[in-house]
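All remarks here apply to the structure that follows.
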Amino acid sequence: MSGTELFCNEHADELPAYQERMNKMHQHIASHTKDYNSNVRYRSKERSKRESFYHSSQWKKLRLFVLERDNYLCQYCLRFGLVRPAKIVDHVVPAQAAPELMTDISNLVTCCNTCHRAKTEWEQRFYHTGYQDEKRSIKADILIKNLSELPNFSK
């Protein structure tokens, strides 16, 4: 077997099946790439700026500080006596509703996946935030800054 052949003589009959699998895989990847590239993610400069912040060294330092401050425990669950490990740092008041609070340590808490998902859905209904509500105006006049005033997301 030379270095350019895929299969030795003993397994040469497996080559057509292998090539068929590879063709299907390449077609799937090409289709997925086309779909992925057609999706507009950052419709506005404000959103693009906000999203790029999460890759900055400032955010990484803030995030680590909050995780350590909260002992890597979900603060939304703790309000109801549940102790859950967590790795997500969440804005109590969403950054989209109050950009001025984006780096405010008192507006950042550690939360678990369950609470983060539930809170994001709640924010979309309450504040009209999120990617789906691009044309709706954000309700920034009623900002809930106190954890005790938020609903129970840990259910």
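Table for the structure above
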read-out: Long pairs among Lys45/Lys119; Lys34/Lys60; Lys60/Lys87; Lys45/Lys87, criterion Cα-Cα beyond 22 Å; value: Lys45/Lys119; Lys34/Lys60; Lys45/Lys87
read-out: Simple label model, 7 Å out from Cα along Cβ direction - Arg79 to Ile105, nm; value: 2.2
read-out: Rh (Kirkwood; distinct C-alpha pairs) - the range 62-118, Å; value: 11.3
read-out: Which of Thr129, Thr120 has the fewest Cβ neighbours within 10 Å, and the rest in rising order; value: Thr120, Thr129
read-out: Base-10 log of normalised Debye intensity for the range 47-149 (one unit scatterer per alpha-carbon) at q = 0.10, 0.12, 0.13, 0.24 Å⁻¹; value: -0.27, -0.39, -0.46, -1.46
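Just so you know, all these numbers are worked out from the coordinates, no wet-lab data involved. Worth saying up front: this structure is predicted, and the values here are computed from it rather than measured. Cβ atoms come from the backbone with ideal geometry, glycine included; neighbour counts cover every protein chain shown.
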